[in-house]
Ligand SMILES: [Zn+2]
């Protein structure tokens, strides 16, 4: 129980920190792209547990970290690389 609470707390702090830094972005097999702040609970928890991995397998799909230059290109072209940030889609 204590361990789970710690993971949730870390995830919350990370989300706040990332808003002022270059956020990591993730893309799944269906081409869905999300930033760390808009990653679901499964992916957020996986990234917290294994922050150095560039691939995470979750019950909602397999996510691959988007290269920084791709994120920069999409931000330049579309105003962002995360669909939720750009289009405001919810879950
Ligand atoms: Zn986003």
Open item on the list: Can you pull out every residue in segment 80-91 that is modelled with pLDDT under 90 and assigned to a helix (DSSP H, G or I)?
Closed with: 87
TODO: Please find, among 77, 62, 45, the residue that is surrounded by 11 or more Cβ atoms within 10 Å (Cβ to Cβ), at pLDDT 65 or above and not in a strand (DSSP E or B).
DONE: 45
Open item on the list: Of everything in segment 24-51, what is without any contact (Cβ under 8 Å) to a residue 40 or more places away in the chain and touching a strand residue (DSSP E or B) at 6+ places or on another chain (Cβ under 8 Å)? Give them in sequence order.
Closed with: 27, 28, 29, 30, 36, 39, 42, 43, 46, 47, 50
Open item on the list: Any residue at all in segment 26-37 that's more than 15 Å from the ligand (Cβ to nearest atom) and outside any loop (DSSP other than H, G, I, E, B)?
Closed with: no
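The values are calculated or read from the model by the stated rules, or taken from the named source; none is laboratory data. None of these values were measured; they are calculated from a predicted model. Here Cβ is always computed from backbone atoms with ideal geometry, including for glycine, and neighbour counts include all displayed protein chains.
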